[in-house]
Each structure stands twice: as structure tokens, then as C-alpha cells.
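See below for the structure under consideration.
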Amino acid sequence: MDRESTLRNSFRARLIVGAVLWISAGLLLSGLVLSQLFEELVIRQVDHDLLDHAEELRMSVERRTNGSIEVVRGLSDARFAVPQSGLYWQIDSPTGQTLRSPSLEHSRLPLETIGTDGLQKMATEIGPVRINLQLVQIPGLVAPLRLAVGMAQSSVDAELAHFDRALAASLAVIALGLSGAAVLQVTVGLWPLARVRRSLMEVRAARAERLPDDLPREVAPLVDDLNSMIASNTEMLRRARTQAGTLAHALKTPLAILLDEARQLEAGGEARAARLIEEQCLKMQRQIDFEMARARAAGRGTPGVAAAVHPTVSSVVAALSRLNRERCITFHFEAPDDLTVACDPQDFSEIVGNLADNAAKWARSRVSLSASRTGGVILLCVEDDGPGIPPVSRETVFGLGARLDETMRGSGLGLAIARELVTHYGGRIWLDASRLGGTRASVELPAIAA
């Protein structure tokens, strides 16, 4: 099953995926907003610090008697004294004198390229720098000083990157926590549905007759409808089987009378008429037996039908062993003890009995039965060491009343009834060659978890 099919067919998967997507989208949007807000906050703080440093620098500038300028006091931030620290200041005098912070070393800020004062960003030989430029008028100078304090954009970017990494890690942890909480919430919320599913399995396995009533009111109407449907189907199945049995019993007496009439006609010399009546009576009897088998399987898929494989097959094998004792036919059965098939016990017994009895008719000395489970299917195999059935006849023998050898006992209904029952329970049956030399009849029926 692919992912699309899983999402389409699973409430739990859809709820979890939907919750995870909403959580991820919400946290991603929150992360973008928080990152933008933090960036604006950092830039405002940087601009405020640059303004304070520029004011401190302006208060530290004095003009000497020879016309030169100097910074008489060092600035309070130690980063101005550390080379390439990212925090710089520079003063350009109209006389051509330039003063720079030790942090600039041999580099220079091209202040002459800026036409206005204030906060701005400029490209320099040491990279982008965010600066605060002030034009300061000093008595005795014909033009104002160009005083600038700047911070490398890389320092700002490094601070933002550090925050973004911490924010991403925090949001990832929050996303995992919220996703886990969503999974737990969905799992707990769907517990009643899981309980309904388990209860249905119990009903289907015949370990319970109805679903429990102590379920949340959101699923109570569904449970009530299911219980009503189970009760209705069970009652319909019971009535159908009762009516079929009544009809079959009602027809037995007329058939017996007709057969007795045929014998009297034969005794009176009406052999042709007697054979005709007897043939028609046998056809009616076969049809009645076949329809009885179909009626018994009318409850295909009805919850509550289940048969334990090992005891059912063992009972059939024990009975057939006694019936075939004079022919010295040995029966061997091998299967795990925990196999349960979704089939009415009587119907499953009839399927096994018909196949095993048919195998015993043709066997020379041995009939082997085995059962195994693969996934949700139970495979039952019945093999004999007889002459086998030609490939061209392996389908025709399933016909109503079909017989390969008219001298053999039986009505020719066994395989037809077996196929009808197996098909009604959603399984399949086929014939092929046996490893014992004869024929192997294979049956697949739905399994029920033990």
C-alpha cells in the first residue's frame, strides 16, 4: 500500500499528517516573524549604540592652537582599541587631517563619498559598515568635521545568525514535542474506534455475540447499528436454514413415495417407466442436497462464524479412518493448533469431509491432509495416491452431479457442494497433481486471528 492510499484510508494517518503540517506551518511562520522582529530590534540597538558612541566621540574632540584636532579621551568601549574588532570610528578634518580608531588599523572609511549625515550603510575596503555620520562644527575651522562611528555588518549578521540557529533549534524541539502530543492525542482519541475494531474481531471469531455498549456517545449510534445488523443477520441466517431444512424434509416423503412407485412399476413389468421416474427422483434429490448446502452458506461474511481447523479436520479424519478400515486407507493430518478459519463449523466440516471422502474413494493406500496460514488466508490441502484426474477434467468434476466413474459410489455432489461453500465464504478451490501421485485439492479460506 502506497502513501497516498494510506492517507486516504486511515483516519489516524490523516489526522496526524494534518496536525504535523499545521504545527510545522505555524512554527515556520512564527520563526520568520520572530527572526524579523529580532533583526529589527538588533538594528535599532546598533543604531542607538552608534549614536551614543558618536556623541561620546564628539565630546572628546578638541582643536589645538596650531589648528589640528585630537581626541583627548579614549572611548569607553574597549573594542575601539582592538584591531578588526568590528567597531570603528574616524574623523576627517577639512584641513585634510584624519584620525582613526586603532581597530581600523591601516584601513579607512570613505566618508567623503557620503553627502548627508545620519545613520546609513556604506561599502568599505573592510566590508559593509553601518555608520552614524555627524557633521560637527569646531570654532576656528571653516568647515565642519566629518565624524563617523561604525560597526561592521558582519558583526550584526553574526549576531542574527546565532539567534536564528538558536531559534530554529528551539522551534524544532517544540515541533517535535507538539507532533508527539498530536500523535498521542489522536491515538487516545481513536481508542474507541480501535476498541470497536477489536470487538468486531471478537464477534467474527465467535468469542462474543455483540459489541460492547459502554463506548463514547460519538460512536454509540454506530455501535447500536452494528449490533442491530449482527442480530438481524444472525436471525435471517437462522430462518433461512430452518426454512431450507423444513423444505427438504417436506420433499423427502413425496420423493420416497415416487421411488416406491417406481419399484412397483418395475415389479409390474414397467421397467422403462420405473427407470425414468427413478432418474428424475435422483436428480431432484441431488438438487435438494445442493440447495441445502447453499442455504447453509447463506450467511457468508456474517460476524460470528468461525471454525477451529485442527479439531474439525481431526474429527473428519477419525470418522473416515473408521469407514475405510477394510480398504486399509491411512489418513495423515498435519497442521498448527491455533488456526481458525472464517467459516461456519458445520460448513467447514462438510468442505473437509467432501474433499477427504472424495480422496479416499480414489486412494490406493494413503490420504494426506495439511493446513497452514499465509497472511490472512488459510490453505487446506487434501492429497491422495490414486490414479489422479486428467488436467482437462479438473474443472468439469466440479459440475453438479459430475462423475468420472459411474461405478464409484456417490452422487457426484461432493466437489460441487465444496466449491459452492468455499465460494460463498470468499475463498477458492482448485485441483492439481499431488506429490503422492494422485490428485491434490487445495482450498483457501479467510483466516481469523487466534
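The values are calculated or read from the model by the stated rules, or taken from the named source; none is laboratory data. Quick caveat, the model's predicted, so the values are computed rather than measured. Note: ideal-geometry Cβ built from the backbone for every residue, glycine included; neighbour counts use all protein chains shown. Note: accessible area is taken over every heavy atom of the protein model, side chains too, but ligands, DNA and RNA are not part of it. Shrake-Rupley method; radii C 1.70, N 1.55, O 1.52, S 1.80 Å.
Compute the acute angle (0 to 90°) between the alpha-carbon long axis of helix 191-204 and the principal axis of greatest extent of the alpha-carbon atoms of the chain; round to the nearest 10°.
So the helix axis and the longest Cα principal axis differ by about 10 degrees.
I need the phi-derived Karplus couplings for the stretch 136-143: 6.51 cos²θ - 1.76 cosθ + 1.60, θ = phi - 60°, integer Hz, Gly and Pro marked x.
Karplus values, whole Hz, x for Gly and Pro: 10, 8, 10, x, x, 9, 6, 9.
Based on DSSP H runs of at least 4 residues, each adding -39500 (n - 2.57), what is the mean residue ellipticity at 222 nm of the chain after dividing by all its residues, to the nearest 500 deg cm²/dmol? Show your work: numbers first, answer last.
Working: 9 runs with 226 residues, N = 450.
Value at 222 nm, helices only: -18000 deg cm²/dmol.
Based on the Cα atoms of the stretch 301-392, what semi-axes does the equivalent ellipsoid have, where each is the square root of 5 times one gyration tensor eigenvalue, given in whole Å with the largest first?
Semi-axes, largest first: 24, 15, 12 Å.
Suppose R0 equals 56 Å; then what is the FRET efficiency for Ser232 and Val20 from their Cβ-Cβ distance, rounded to the nearest 0.05?
0.85
Relative to 2.2 N^0.38 Å, what does the C-alpha radius of gyration of the stretch 87-227 come to as a ratio? Two decimals please. Don't jump to the answer; show the numbers that get you there.
On the way: Rg = 36.2 Å, N = 141, 2.2 N^0.38 = 14.4 Å.
Normalised by 2.2 N^0.38 Å, the Cα Rg of the stretch 87-227 equals 2.51.
What do you get for the angle between helix 153-189 and the principal long axis of the chain? Use alpha-carbon atoms, 0 to 90 degrees, nearest ten.
Its long axis makes an angle of about 20 degrees.
Between Leu167 and Glu266, what is 0.36 nm times their sequence separation minus the Cα-Cα distance? Round to one decimal in nm.
Additional length available on full extension: 25.3 nm.
Need one value: the accessible area of Glu261 in square angstrom, 1.4 angstrom probe, rounded to the nearest 10.
It works out to around 80 Å².
So how do Lys361, Lys121 rank on accessible area, 1.4 Å probe, biggest first, that is with the largest at the start?
Details: Lys361 40, Lys121 120 Å².
Of Lys361, Lys121, the descending order of accessible area is Lys121, Lys361.
Just to be sure I understand the model, the point goes 7 Å from the Cα along the line to the Cβ. What's the resulting Ser442 to Arg239 distance in nm?
4.1
Is any residue of the stretch 355-388 close enough, with backbone N under 20 Å, to a label point placed 7 angstrom from the Cα of Glu326 along the Cα-Cβ axis, and if so, which?
Answer for this model: 357-367.
Run the simple label-point estimate for Arg12 and Glu62 please: 7 Å along Cα→C-beta, distance reported in nm.
In this crude spin-label approximation the distance works out to 8.2 nm.
For the stretch 215-227, in order, what is each residue's ³J(HN,Hα) by Karplus, 6.51 cos²θ - 1.76 cosθ + 1.60 with θ = phi - 60°, in whole Hz (x at glycine and Pro)?
Once rounded to whole Hz, the list reads 10, x, 5, 5, 10, 4, x, 5, 5, 4, 5, 5, 5.
What accessible area per residue, rounded to a whole number of Å², is obtained for the chain using a probe radius of 1.4 Å?
Using a 1.4 Å probe on heavy atoms only, each residue of the chain averages 57 Å².
Under a 5 Å amide H to amide H cut-off, with H placed in plane at 1.01 Å, what residues pair with Ile69 once short-range neighbours are removed?
Those qualifying (amide H under 5 Å, at least 5 residues apart or on another chain) are Arg64.
Could you tell me, in Å, what Rg and Dmax come out for the Cα atoms of the stretch 158-269?
Taking only Cα atoms of the stretch 158-269, I get Rg and Dmax of 33.0, 120 Å.
Amide H of Phe333: which non-local residues (sequence gap of 5 or more, or other chain) have their own amide H closer than 5 Å, using H built in the peptide plane?
Long-range HN contacts for Phe333: Leu369.
Please report, in whole Å, how far the alpha carbons of the chain spread along each principal axis, starting with the longest.
162, 51, 35
Would you pull out the residues with amide H under 5 Å of Ala306's amide H, same chain only if 5 or more places away, H placed 1.01 Å from N?
Cys343
Identify the trypsin sites (Lys or Arg not before Pro) of the stretch 54-95 meeting these criteria: DSSP loop state and at most 10 other C-beta atoms within 10 Å of the C-beta.
In loop regions of the stretch 54-95 (DSSP not H, G, I, E or B), the sparsely surrounded trypsin sites (Lys or Arg not before Pro) are Arg64.
If I model a spin label as a point 7 Å beyond the Cα along the Cα-Cβ vector, how far apart are those points for Asp224 and Leu259 in nm?
In this crude spin-label approximation the distance works out to 5.3 nm.
In debye, nearest 20: dipole of the stretch 34-116 around its Cα centre with unit charges on the Cβ of K, R (+) and D, E (-)? Before the final figure, lay out the partial values.
Working: 8 positive and 13 negative charges, 72 e Å.
Using Cβ point charges on Lys, Arg, Asp and Glu, the stretch 34-116 gives about 340 debye.
Please give the contour-minus-distance gain from Ser35 to Ser154: 0.36 nm per residue of separation, less the Cα-Cα distance, rounded to one decimal in nm.
Values: separation 119, 0.36 × 119 = 42.84 nm, distance 1.69 nm.
Between Ser35 and Ser154, full extension yields an extra 41.2 nm.
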